[in-house]
1. Quick test of your reading of the structure: Leu66 fulfils all but one of (1) buried (at least 18 other Cβ atoms within 10 Å of the Cβ); (2) under 30 Å from Thr5 (Cβ atoms). Name the failing condition by number.
2. Among the residues of region 1-48, write down those that are open to solvent by less than 100 Å² (accessible area, probe 1.4 Å), of a type in the set (D, E, K, R) and under 15 Å from Gly79 (Cβ atoms).
3. Only residues in region 74-96 that are open to solvent by less than 40 Å² (accessible area, probe 1.4 Å) count as the first member; pair them with residues that are of a type in the set (S, T, N, Q), Cβ under 7 angstrom, at least 6 apart or cross-chain, and list the lot.
4. Are any residues in region 50-59 open to solvent by 60 Å² or more (accessible area, probe 1.4 Å) and either of a type in the set (A, V, I, L, M, F, W, C) or over 19 Å from the mean Cα position of the chain (by Cα) (or both), and if so, which ones?
5. Condition check: among the hydrophobic types (A, V, I, L, M, F, W, C) and out of contact with any Phe, Trp or Tyr (no Cβ under 9 Å at 6 or more places or on another chain). Does Ala49 satisfy that?
Amino acid sequence: MIELTGTEKQIAWATDIRAKFIANAAKKSAHWRDDIAGCIEDDDSEGAAWATEKLEKLNRLTAEILNEVSRAGWWIDYGRADADIVIREFDSVKRGIALDGSKRIR
């Protein structure tokens, strides 16, 4: 996980926000793993493949966020939302189509 940059107060606040994001992302990951297990139990290979794809994307983007976003201000601005929203915002900025026009992640 990348070290946060900013003022001491921003870093303290962003550290707490980031910890909540990690916990929320872990819950989402557990949900997808349970969904995959249910699909396998129901012999739904299509559903399992779809859920596996979702889980892999969640895990990949969560790791990218934690390893790339060092700016405490970003966490304060965007990190307080549900993990899905944080991931969507991060992904859209990386693809250059942020809803708020922001192109700055780090």
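The values are calculated or read from the model by the stated rules, or taken from the named source; none is laboratory data. Computed from a predicted model, the values in this text were never measured in an experiment. Cβ atoms come from the backbone with ideal geometry, glycine included; neighbour counts cover every protein chain shown. The protein model used for the area step is the full one, side chains on, heavy atoms only, and it has no ligands, DNA or RNA in it. Shrake-Rupley method; radii C 1.70, N 1.55, O 1.52, S 1.80 Å.
1. For Leu66, the failing item is (1).
2. Quick first cut of region 1-48, residues open to solvent by less than 100 Å² (accessible area, probe 1.4 Å) only: 2, 4-7, 10-12, 14-19, 21-26, 28-30, 32, 35-39, 44-45, 47-48.
Restricting the remaining residues to those that are of a type in the set (D, E, K, R) gives 16, 18, 28, 35, 44.
Across region 1-48, the qualifying residues are Asp16, Arg18, Lys28.
3. Ile76/Gln10; Ala83/Asn24; Ile87/Thr62; Val93/Ser102
4. Step one: of region 50-59, the residues open to solvent by 60 Å² or more (accessible area, probe 1.4 Å) are 50, 53-54, 56-57, 59.
Correct list: Trp50 only.
5. Working: among the hydrophobic types (A, V, I, L, M, F, W, C): yes; out of contact with any Phe, Trp or Tyr (no Cβ under 9 Å at 6 or more places or on another chain): yes.
Considered against the rule, which asks whether it is among the hydrophobic types (A, V, I, L, M, F, W, C) and out of contact with any Phe, Trp or Tyr (no Cβ under 9 Å at 6 or more places or on another chain), Ala49 comes out as yes.
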